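Q: First, the structure itself, so that you have it in front of you.
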Amino acid sequence: MTGKPDTASGHTPIIDINGLCMAFESRLVLNKIDLQVHAGQSLCLCGSNGAGKSTLMRILAGLLHPTRGTVKINALELPKKASAVKSLLGVISHKSMLYPDLTVSENLMFAARLYGVPHPSQRVNELLDDAALTGYRHDKTGILSRGMMQRLAIARALVHQPRILLADEPFTGLDLNSGRHLVDTMHCFRQNSGTILMTTHETSYGLKCCERVVVLDGGQLIFDAPTSDIDHDRFISDYLTYARSAS
């Protein structure tokens, strides 16, 4: 099952990947990847360690240059237009990308000013409220729990109201309440016409957050299907075997 679900037929994909290859010295990590994601779609990228998931995300974020192939974000080609693409992206990782010695509000204010957000104080207050962190605004970020720090990292990623959310293993180490908060945040982002591309080993969360699932195996795309067409229990139990049997 490797067709490309298309909920916006006839429209240019907001993420458009064609013939993408990435090699590190003699090791081919991504091999001829073709993937299109349309505006408003949410896609979960699954694969075992070393499958190429994080490499693909780093290419989309403009942090790596592909060996071959083309990558376009909103019709802007990477890496040529990386600076223009930056404002379209919000990035969440299992690493917080926060400054531990700054307070909660200082981290958000720094990001807001970096992106030139109008009325930054108002935007920071909105995000603190949404993340249930208003009472912690003056606390140093380094003392926060893992769940609270991830809520702050999500708020930071959304500070400039990006069109695309890239989330690389965002559920790592989260407790149940923090996981639910992240799911709710992603649903809200989609309701506001946002596009999501996420990687996760927590496939139950991936199926809750996303309408489409793709599987990478050995650097190649082997499975691509709407979540509505998937046997969720079987997929959660062993997504790689499921993908291989359906491809």
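Q: Give me the pairs, please: first residue somewhere in segment 5-24 and at pLDDT below 95 and assigned to a loop (DSSP other than H, G, I, E, B), second residue anywhere and among the hydrophobic types (A, V, I, L, M, F, W, C) and surrounded by fewer than 19 Cβ atoms within 10 Å (Cβ to Cβ), beta-carbon distance under 7 Å, and either six or more positions apart or on two chains.
A: Within 7 Å, the pairs are 8/39; 12/75.
Q: So, one more: Given (1) out of contact with any helix residue (DSSP H, G or I) (no Cβ under 8 Å at 6 or more places or on another chain); (2) open to solvent by 60 Å² or more (accessible area, probe 1.4 Å), identify the lone condition not met by residue 130.
A: Failing condition for residue 130: (1).
Q: Kindly indicate whether residue 139 is in contact (Cβ under 8 Å) with a residue 12 or more places away in the chain, of a type in the set (Asp, Glu) and loosely packed, with under 14 Cβ neighbours inside 10 Å.
A: So residue 139 fails the test.
Q: In addition: Which members of segment 27-76 meet the condition of being hydrophobic (A, V, I, L, M, F, W, C) and open to solvent by 40 Å² or more (accessible area, probe 1.4 Å)?
A: Correct list: 28, 39, 63, 75, 76.
Q: Right, next: With respect to the numbered conditions (1) in contact with a Leu (Cβ under 9 Å, 6 or more places away or on another chain); (2) closer than 18 Å to residue 57 by Cβ; (3) open to solvent by less than 50 Å² (accessible area, probe 1.4 Å), which one is the sole condition not fulfilled by residue 163?
A: With (1) in contact with a Leu (Cβ under 9 Å, 6 or more places away or on another chain); (2) closer than 18 Å to residue 57 by Cβ; (3) open to solvent by less than 50 Å² (accessible area, probe 1.4 Å) applied to residue 163, the lone miss is (3).
Q: Scan segment 211-223 for residues that are surrounded by fewer than 21 Cβ atoms within 10 Å (Cβ to Cβ) and more than 15 Å from residue 19 (Cα to Cα) and report the count.
A: Total satisfying the criteria: 3.
Q: On to the next question. If I filter segment 160-175 for residues that are over 17 Å from residue 43 (Cβ atoms) and either assigned to a helix (DSSP H, G or I) or of a type in the set (Asp, Glu) (or both), do I get at least one hit?
A: There is at least one residue in segment 160-175 that is over 17 Å from residue 43 (Cβ atoms) and either assigned to a helix (DSSP H, G or I) or of a type in the set (Asp, Glu) (or both).
Q: For the subset of segment 78-107 comprising residues that are farther than 27 Å from residue 59 by Cβ and open to solvent by less than 50 Å² (accessible area, probe 1.4 Å), which member is farthest from the chain's Cα centre (by Cα)?
A: Among those that are farther than 27 Å from residue 59 by Cβ and open to solvent by less than 50 Å² (accessible area, probe 1.4 Å), it is 103.
Q: Would you check which residues across segment 187-202 are open to solvent by 10 Å² or more (accessible area, probe 1.4 Å) and either assigned to a helix (DSSP H, G or I) or closer than 19 Å to residue 39 by Cα (or both) and list them?
A: Across segment 187-202, the qualifying residues are 187, 188, 189, 190, 191, 192, 193.
Q: Would you point out the residue of segment 221-238, among those that are within 19 Å of the chain's Cα centre (by Cα) and of a type outside the set (A, V, I, L, M), that is nearest to residue 204 (Cα to Cα)?
A: So, considering only residues that are within 19 Å of the chain's Cα centre (by Cα) and of a type outside the set (A, V, I, L, M), the one nearest to residue 204 (Cα to Cα) is 227.
The values are calculated or read from the model by the stated rules, or taken from the named source; none is laboratory data. Every value quoted in this text rests on a predicted model; they were computed, and no experiment measured them. So basically every Cβ, Gly included, is an ideal-geometry build from the backbone, and we count neighbours across all protein chains shown. Only protein heavy atoms, including side chains, enter the accessible area calculation; ligands, DNA and RNA are left aside. Shrake-Rupley method; radii C 1.70, N 1.55, O 1.52, S 1.80 Å.
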